[in-house]
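Asks: This is the structure I want to talk about, given as structure tokens.
Values in this text are rule-based calculations from the coordinates and carry no lab data. Being a predicted model, the structure only gives us computed values, none of them experimental. Please note: Cβ atoms are built from the backbone with ideal geometry, for glycine as well, and neighbour counts cover all protein chains shown.
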Amino acid sequence: MKNKFYLFVCISLILVFFLSGCLDSTNNVTNDVNVEGETAIVEKIEVYHFHSNRQCSTCETIGANLDETIERYFLDDFNSGKIVYGHINIENPENSEITNRYGAQGTSLWLGIYDNNGFHAEDDLGIWYRINDKEEFIRYLKDLIEKRLSGDMD
């Protein structure tokens, strides 16, 4: 009976931690990006789609929508080096440095912001709520990138 109680408690704790992470629709920024009321001066933004060797259709959709967003709206920023973007296979040992810098562990979309306060990695969770609507996904990502380029980190 005692073992069943401990098992119940462990499973409950795991579910609480898992659900609290999955239900949080905000983006996770690793550091304070700017002081309240202050706009950051953004030097460069990196946008990376992290994936594994075998990509499911959702992973492929994220990558394709990222490509289309950059090609449609940010080619000048990309060509000037203000935006860097790409697709990073987390299972490739050659990518371990960038994977570790961002903390990516699976399929995800991360923004790396270089501003007057340093480097800040942001795991974007908002795309997951828009994965089934291509135009909404692209519009959301476009708006997010524009906000970060302008120094708005909220």
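Asks: In sequence order, what are the phi-derived ³J(HN,Hα) couplings for the stretch 96-111 according to the Karplus relation 6.51 cos²θ - 1.76 cosθ + 1.60 with θ = phi - 60°, rounded to whole Hz, with x for glycine and proline?
Replies: After applying 6.51 cos²θ - 1.76 cosθ + 1.60, I find 5, 4, 6, 4, 5, 4, 8, x, 6, 10, x, 4, 6, 10, 10, 10 Hz.
Asks: Suppose each label sits 7 Å from its Cα in the direction of the beta carbon; what would the Asn100-Asp154 distance come out to in nanometres?
Replies: About 3.7 nm separates the two model spin labels.
Asks: Could you pull out every residue, at least 5 positions away or on a different chain, whose amide H is within less than 5 Å of the one on Ile83? Hs are placed 1.01 Å off N in the peptide plane, and Pro or chain starts have none.
Replies: Sorted by chain and number, the residues that satisfy this are Ile45, Phe78.
Asks: Would you mind computing, in nm to one decimal, how far apart the modelled labels at Ser80 and Lys142 are, each placed 7 Å from Cα along Cα→Cβ?
Replies: In this crude label model, Ser80 to Lys142 measures out at 1.8 nm.
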